[in-house]
Amino acid sequence: MSAGNRRTAATSTGRRLVRVASPLAALGLWQLLTSYDVDLWLRFAQFPTVVEVASALGDRIGTEAYWQDLGHSLRRITIGFLLAAVLGVAGGTAVARSRWAADVLGPLVEVVRPIPAIALVPVAILLLPTNEQGIVFITCAAALFPVLVSTRHAVRALNPVWEEAVLTLGGSRARVLFSVVLPGALPGIFGGLSVGIGVSWICVISAEMISGEYGVGYRTWQDYTIVDYPGVFVGMATIGALGWLTSTAVETMGRRVTSWLPRPTARVPAGGPAGAAGPSAATPPTPARRPEKEPVA
């Protein structure tokens, strides 16, 4: 292994250690402050310790109610997010490519978009017959606009040369849409999906707290009303873990689907790899080549 590779491996290992040590340090500080009931400007006297939360989590995991709540929340966010993804991509593409769609949908989107999704709870209660449908509606509304707006900007930013090339070669408008527009806009679309999944979790938990029956948000609020603070923190930890897992899944899918994009190359240390002959080397240094962005066929 060359010195450059060893240096890169050491840097990667160091970053992993920092990522592991950071949450461990936060947990250690939490345990210290709550064990000694520190009461300065911030009050930790009634805060549960890390050990108490871990014990409550162990007890919850063994119950059927915990997994039932998990299933309800995951089903709601999956349905709402998929609806938002389909509607957002279709709407954003239509607004970006059709003057008629932009005139009809554009003003509506700009008026409704600033309204927080959780403020639509009264609308959902009035319109929809069940609480379950209302929660899915809130989740869908939360993710819809990030996806729609990101798609609209991504489609408008495409290079028109690609579309003109397909049309010149006799391609239909459908061929342009599925071979140029949607593949070219994928990085922007997945950017919107990544934002949308996080916002969806915020709103589905809030909706479950307000009007839900079952679900992680509902259970967390119930724990708060009966002053079960370790249970509240178990709910918060569960929400965080679910959000992290779903967000990671969306980003991983995005990287796989857009694998044709040029990726940043590893930095070459100044002066070249250690151990190289430097200025006295026979081969003169050549500038790093940037990978060219390949047009979509």
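Residue pairs, Cβ under 9 Å, 6 or more apart or interchain, first in region 6-19 and in contact (Cβ under 8 Å) with a residue 24 or more places away in the chain, second open to solvent by 100 Å² or more (accessible area, probe 1.4 Å). List them.
Partner pairs satisfying both residue conditions: THR8/ARG267.
Restricting to region 1-42, give me the number of residues that are open to solvent by less than 80 Å² (accessible area, probe 1.4 Å), over 20 Å from TYR229 (Cα atoms) and either in contact with a strand residue (DSSP E or B) (Cβ under 9 Å, 6 or more places away or on another chain) or modelled with pLDDT of 90 or more (or both).
3
Every residue in region 239-265 that is open to solvent by less than 50 Å² (accessible area, probe 1.4 Å), assigned to a loop (DSSP other than H, G, I, E, B) and not aliphatic (A, V, I, L, M), please.
Residue satisfying the conditions is THR258 alone.
Has region 168-189 got any residue that is within 22 Å of VAL112 (Cα to Cα) and small (Gly, Ala, Ser)? First the steps, then the outcome.
Step one: of region 168-189, the residues within 22 Å of VAL112 (Cα to Cα) are 188-189.
Narrowing further to those that are small (Gly, Ala, Ser): 188.
The answer is yes, given that some residue of region 168-189 is within 22 Å of VAL112 (Cα to Cα) and small (Gly, Ala, Ser).
Quick check: is even one residue across region 174-191 part of a helix (DSSP H, G or I), among the polar types (S, T, N, Q) and buried (at least 19 other Cβ atoms within 10 Å of the Cβ)? Even if it seems obvious, please write down each step before you answer.
First, the residues of region 174-191 that are part of a helix (DSSP H, G or I): 174-191.
Now narrow it down to the ones that are among the polar types (S, T, N, Q): 179.
Filter again for buried (at least 19 other Cβ atoms within 10 Å of the Cβ), leaving none.
No - not one qualifying residue is present in region 174-191.
Any idea which residue in region 214-238 is nearest to VAL204 (Cα to Cα), counting only those that are open to solvent by less than 40 Å² (accessible area, probe 1.4 Å) and of a type in the set (Val, Ile, Thr)?
This residue is VAL216.
Just the residues that are within 14 Å of VAL227 (Cβ to Cβ) and open to solvent by 30 Å² or more (accessible area, probe 1.4 Å), please, taken from region 46-57.
Step one: filter region 46-57 for residues within 14 Å of VAL227 (Cβ to Cβ), giving 46-48, 52, 56.
Hits for region 46-57 are GLN46, PHE47, GLU52.
Being part of a loop (DSSP other than H, G, I, E, B), of a type outside the set (Val, Ile, Thr) and either in contact with a Leu (Cβ under 8 Å, 6 or more places away or on another chain) or free of Cβ contacts under 8 Å to residues at least 12 places away in the same chain (or both) is the requirement here; does ASP37 meet it? So that I can check it myself, show each step before the final result.
On the way: part of a loop (DSSP other than H, G, I, E, B): yes; of a type outside the set (Val, Ile, Thr): yes; either in contact with a Leu (Cβ under 8 Å, 6 or more places away or on another chain) or free of Cβ contacts under 8 Å to residues at least 12 places away in the same chain (or both): yes.
Yes, satisfied.
What is the number of the single condition among (1) in a helix (DSSP H, G or I); (2) open to solvent by 50 Å² or more (accessible area, probe 1.4 Å) that GLY170 does not meet?
Only one criterion is unmet by GLY170, namely (1).
The values are calculated or read from the model by the stated rules, or taken from the named source; none is laboratory data. All values reported here derive from a predicted model rather than from experimental measurement. FYI the Cβ positions are ideal-geometry reconstructions off the backbone, even for glycines, and counts take in every protein chain you see. Side chains included, ligands, DNA and RNA excluded: accessible areas come from the protein's heavy atoms. Shrake-Rupley method; radii C 1.70, N 1.55, O 1.52, S 1.80 Å.
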